[in-house]
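To keep things clear, I will list the structure first and then write my remarks on it.
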Amino acid sequence: MSKKTVKDIDLKGKKVLVRCDFNVPMDEQKNITDNTRIVAALPTIKYLLENNCAIILCSHLGRPKGEFKPEFSLQPVAKELSRLLEKEVIMAKDVIGEDATSKAANLKQGEILLLENVRYHREETDNDPEFSKKLANLAEVYVNDAFGAAHRAHSSTAGVAEFLPAVSGFLIEKELKFLGNAVSNPERPFVAILGGAKVSDKIGVIDSLLEKVDTLLIGGGMAYTFFKAQGYGVGDSICELDKLDLALDLMKKAKDKGVNLVLPVDTKIGKEFKPDTESKIVPWTEIPDGWEGFDIGTKTIEMFTEELKKAKTVIWNGPLGLFEFDQFAIGTSSIAKVLSEIDAMTIIGGGDSAAAVKKAGLEEKMTHISTGGGASLEFLEGKKLPGIECLQDK
């Protein structure tokens, strides 16, 4: 962690702009259905309150594409924050308009203001310098605690750092500590599990991890591209025909590097893409035409389990099957259960894998669940994240 955090600068009594990730799911009545991301921001907010700061929070929600759309308002977030902090969170009607500017100017120490959705302005995603400057003018210090948006070079994630002293909050510090240590200094054996639908989404990650891991377990839809590349039929399973050579190259690279690349040996297939479709488990070499692979099979679960029991560090990104349908969620939930029981550092890379772990009720048993799917993927690829790069070095 070479970047400064809130503990590395004097914040006492300062007006602080904090970029949070309040991009939370809501139902049609605008009730927040999962407040994990809001809860994750609390340690930083509470630390700033202890230091008598005047706190200005900002975040995006959904993709309003530069227009004011009431359904993307952060009003429900202000309400939930007020409940969690047992303290009123003042809501601004805009971002850099008259209401936000006057409320920010009059904000007293120990008070909290939440700006409206930053993506109501197209300038936010364009990382427009003028917009960044107006946002920065509201405060004296900038704190980025939105790891889930750290891979985006937007005004509120990177642009404002041009105009204010910029440090990280505790959430970003924690993410960098766990993901960074796992990648640069893992306790071995180091095992990575990669799932998800497409090889193309994970090329960079597979490539990067082959330089670091001892074992790579591959499941999910992308396994069928590896099967097809070896000349086997995959029925109607998801398969990227333009990535067959790449799959063979990755298998060769793993062999050359001495990495144990493990593919499924059996698969649970279904007749149709629906929850109650007819299904059966077949060897991976025998997927019939007209059937589609939706999960890893029993023998694969056993094989993956054996590999994971040897591990001391595990990173998991991407579900191992169609976990939205219960009968094809067995592979994913079984592996989540194994991870909750082994004596190893277990890091879940956000997105669908985090959702699967939560669905299984096992989040408390993992060492770390990343709050950023896309950001954690890019971090594992070794890419530089704009929202981290812009922060002051220690």
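Summary table
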read-out: Residue among Val167, Val160 that is over 17 Å from Val95 (Cα atoms), at pLDDT 95 or above, surrounded by 24 or more Cβ atoms within 10 Å (Cβ to Cβ) and of a type outside the set (D, E, K, R); value: Val167
read-out: Residue match in segment 172-185 (condition: aromatic (Phe, Trp, Tyr) and more than 16 Å from the chain's Cα centre (by Cα)); value: no
read-out: Cross-chain or 6+ apart pairs with Cβ under 8 Å, segment 189-209 first and free of Cβ contacts under 8 Å to residues at least 12 places away in the same chain and within 19 Å of Ile301 (Cβ to Cβ), then basic (Lys, Arg) and crowded, with 24+ Cβ neighbours inside 10 Å; value: none
read-out: Cβ pairs under 6 Å, 6+ apart, first in segment 368-379 and closer than 11 Å to Ile315 by Cα, second part of a strand (DSSP E or B); value: His368/Ile347; Ile369/Ile348
read-out: Any hit, segment 261-272, residues being free of Cβ contacts under 8 Å to residues at least 24 places away in the same chain and assigned by TED's automatic domain parsing to the domain that holds Thr215; value: yes
read-out: So Glu71, is it in contact with a Pro (Cβ under 9 Å, 6 or more places away or on another chain) and assigned to a helix (DSSP H, G or I); value: yes
read-out: Pairs, first surrounded by 13 or more Cβ atoms within 10 Å (Cβ to Cβ) and polar (S, T, N, Q) in segment 29-57, second at pLDDT 95 or above and part of a helix (DSSP H, G or I), C-beta under 7 Å, six or more apart; value: Asn35/Glu80; Thr44/Val6; Thr44/Phe170; Thr44/Leu171
read-out: Matching option when the condition is touching a residue at least 24 places away in the same chain (Cβ under 8 Å) and either in the same structural domain as Ala336 (by TED's automatic domain parsing) or in contact with a helix residue (DSSP H, G or I) (Cβ under 9 Å, 6 or more places away or on another chain) (or both), among Asp249, Asp214, Asp242; value: Asp214
read-out: Some residue of segment 118-137 being under 15 Å from Asn23 (Cβ atoms), surrounded by 23 or more Cβ atoms within 10 Å (Cβ to Cβ) and in contact (Cβ under 8 Å) with a residue 60 or more places away in the chain; value: yes
read-out: Candidates Ala360, Ala329, Ala375, Ala356, filtered to the one that is more than 20 Å from Asn181 (Cα to Cα), crowded, with 24+ Cβ neighbours inside 10 Å and either out of contact with any Ser or Thr (no Cβ under 7 Å at 6 or more places or on another chain) or at pLDDT below 95 (or both); value: Ala356
read-out: Residue ID - surrounded by the fewest Cβ atoms within 10 Å (Cβ to Cβ), chosen from residues in segment 193-205 that are within 19 Å of Lys384 (Cβ to Cβ) and among the aliphatic types (A, V, I, L, M); value: Ile203
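The values are calculated or read from the model by the stated rules, or taken from the named source; none is laboratory data. Just so it is clear, the model here is predicted, and its values are computed rather than measured. Methodologically, a virtual Cβ is constructed for each residue, glycine included, from the backbone with ideal geometry; neighbour enumeration extends over all protein chains shown.
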